[in-house]
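Notes to accompany the following structure.
The values are calculated or read from the model by the stated rules, or taken from the named source; none is laboratory data. Keep in mind that this is a model prediction, so the values were computed, not measured. Backbone-built Cβ (ideal geometry, glycine too); neighbour counts: all protein chains shown.
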Amino acid sequence: MRKEKKTSDYAILKLKPTVRHVGGPMRGAGAEQISFLVRPMQENKITKNALIVFDKLGNKLDHEHLRVGFAFHFQRDALITLTVSSINKMLKLHVIDDAVHVTLGIHLVEVTTPASSKNYTEVVASVSSFCEYLAPLLHLSKPSVSTGVVPTAAAAAASLMVDG
């Protein structure tokens, strides 16, 4: 006797679940001189049952959402990952079939790259240079504070600092 899998079971098996911890933003004089936000981030792949195990252990996650999109990896002076995704809210825990768009018509664009104290200066220069190319294509804003479309990453950073 063969058991038929539900769509949500198949979709969960096909997804690569991850748990991501994003730390607080870098602060200080160095943070004010760069045109982007620097945060420490730890991302780990998990099994499909890990969220259930976390729940049984009494852990509470801040939120659960489904990101749908794509990523590019390329090498400049540093390995840069550009991720474009839309965010979907999970109405029921672990049920991806009922997810609804949170950002209808809006996509989240993330530029990430690993950095250490040894290569930090090169990484900042590489990401700043790449963001100069992206700035004319994107509407840059902080959450709930729209800055409008700006011609360069430097102008975007300046407008974000003034408005925020």
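Does Ala29 satisfy the condition of being modelled with pLDDT under 80 and within 24 Å of Glu132 (Cα to Cα)?
yes
Counting only residues that are farther than 15 Å from Glu122 by Cβ and surrounded by fewer than 16 Cβ atoms within 10 Å (Cβ to Cβ), how many does the range 70-86 have?
7
Just to check your reading of the model, which residue among Val111, Val100 is exposed (fewer than 15 other Cβ atoms within 10 Å of the Cβ) and more than 19 Å from Val22 (Cα to Cα)?
Every option except Val100 fails the conditions.
Which residues, taken from the range 99-116, are of a type in the set (Ser, Thr, Tyr) and modelled with pLDDT of 80 or more?
Thr112, Thr113, Ser116
Test Lys6 against the criterion of being at pLDDT below 75 and out of contact with any helix residue (DSSP H, G or I) (no Cβ under 6 Å at 6 or more places or on another chain), and give yes or no.
Spelling it out, Lys6 is indeed at pLDDT below 75 and out of contact with any helix residue (DSSP H, G or I) (no Cβ under 6 Å at 6 or more places or on another chain).
Which pairs do you get when a residue that is in contact (Cβ under 8 Å) with a residue 40 or more places away in the chain and within 10 Å of Pro17 (Cα to Cα), found in the range 43-55, comes within reach of a residue that is of a type in the set (Val, Ile, Thr) and assigned to a loop (DSSP other than H, G, I, E, B), reach meaning Cβ atoms under 6 angstrom, with the pair 6+ apart or on two chains?
Partner pairs satisfying both residue conditions: none exist.
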